[in-house]
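Chemist: Mind having a look at this structure? Questions to follow.
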């Protein structure tokens, strides 16, 4: 880990960054600068990279056009598109978040019809789950063909067990309730711990705040800290927009107020505070780690994807 105020991450893949900033400029202005669309679309882009065998071998993003899901290669060129915009069972009305399972299935939350939809790697729809969700929002793939899902309006966390090969939902279980507008979520692949970003309601003229909650694999509360608590150890307001676990099981968040990526430590030492990237970001709204431990950040401030090496 690095000392606060310095970055040990080296930005790379400038061609990919340039291609996105020029090709997506109009779409970013129209969609990605909206808070709701920003964090979710970016996470879809970044989460797909997590399943790659090489950095950004395949990356995806959804936006408002006829095909909602685009898959990019490492150089930034679009490889394929799928996810029609429409009213059919497997069409996507309004993609909020996405993850990719270990066997390559793409799972999307659709706020347009409050559903969860799954596609194979070629974009063929295999399943649409409608289990009375209020507003399914964030999701992340867990082990054994399971997906962890937040429902922002219901204030709940769900575990979905799916047989993707047969296109069957085996179980939909509420595993945590009484959360406050939970959105971004991440699962630690080694321990099964889950971290959720809750969006707390504003009081008075305040613009609201966020709370980062860590739960064990058994859904016991491990740690919790809100923007006020973090402000006690960091001299500026923190507003978390995205969350991930690194390869060592540390909790990493993006903060749009300080324009930084911050490490909050492992669950057992939570919360610690260590800025990983404190320069060069404008409005970071999404992040993930690739198979070789590179950190990928979506920056909607300059409409780019930035890749940082760990050396």
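Chemist: With the requirement that a residue be surrounded by fewer than 22 Cβ atoms within 10 Å (Cβ to Cβ) and within 18 Å of residue 186 (Cα to Cα), what does segment 91-102 give you?
Modeler: Passing the criteria: 101, 102.
Chemist: For segment 249-267, enumerate the residues that are in a loop (DSSP other than H, G, I, E, B) and either buried (at least 20 other Cβ atoms within 10 Å of the Cβ) or touching a residue at least 24 places away in the same chain (Cβ under 8 Å) (or both).
Modeler: So in segment 249-267, the residues in a loop (DSSP other than H, G, I, E, B) come out as 249-250, 256-259, 266.
Result: 249, 250, 256, 258, 259, 266.
Chemist: Can you tell me which residue in segment 224-248 is surrounded by the fewest Cβ atoms within 10 Å (Cβ to Cβ), limited to those that are modelled with pLDDT under 90 and part of a strand (DSSP E or B)?
Modeler: 224
Chemist: Okay, next question. Quick check on segment 131-166: of everything there that is within 17 Å of residue 101 (Cβ to Cβ) and exposed (fewer than 15 other Cβ atoms within 10 Å of the Cβ), which residue is nearest to the chain's Cα centre (by Cα)?
Modeler: If we take residues in segment 131-166 being within 17 Å of residue 101 (Cβ to Cβ) and exposed (fewer than 15 other Cβ atoms within 10 Å of the Cβ), then 143 is nearest to the chain's Cα centre (by Cα).
Chemist: Considering only segment 99-161, give the strands (runs of 3 or more DSSP E) lying wholly within it that have at least 1 residues that are more than 25 Å from residue 291 (Cβ to Cβ) and out of contact with any strand residue (DSSP E or B) (no Cβ under 7 Å at 6 or more places or on another chain).
Modeler: Correct list: empty, since no element meets the threshold.
Chemist: Let me ask you something else. If residue 108 satisfies every condition in (1) more than 20 Å from the chain's Cα centre (by Cα); (2) crowded, with 18+ Cβ neighbours inside 10 Å but one, which is the exception?
Modeler: Here residue 108 clears every test but (1).
Chemist: Counting just the residues of segment 268-290 that are loosely packed, with under 15 Cβ neighbours inside 10 Å and assigned to a loop (DSSP other than H, G, I, E, B), which one comes out nearest to the chain's Cα centre (by Cα)?
Modeler: 282
Chemist: What's the number of the only condition in (1) buried (at least 21 other Cβ atoms within 10 Å of the Cβ); (2) modelled with pLDDT under 90; (3) more than 24 Å from residue 296 (Cβ to Cβ); (4) out of contact with any helix residue (DSSP H, G or I) (no Cβ under 8 Å at 6 or more places or on another chain) that residue 209 fails to meet?
Modeler: In the conditions (1) buried (at least 21 other Cβ atoms within 10 Å of the Cβ); (2) modelled with pLDDT under 90; (3) more than 24 Å from residue 296 (Cβ to Cβ); (4) out of contact with any helix residue (DSSP H, G or I) (no Cβ under 8 Å at 6 or more places or on another chain), residue 209 misses (4) alone.
The values are calculated or read from the model by the stated rules, or taken from the named source; none is laboratory data. For clarity, every value in this text was computed on a predicted model and none was experimentally measured. Cβ coordinates were reconstructed from backbone atoms using ideal geometry, including for glycine residues, and neighbour counts include every protein chain displayed.
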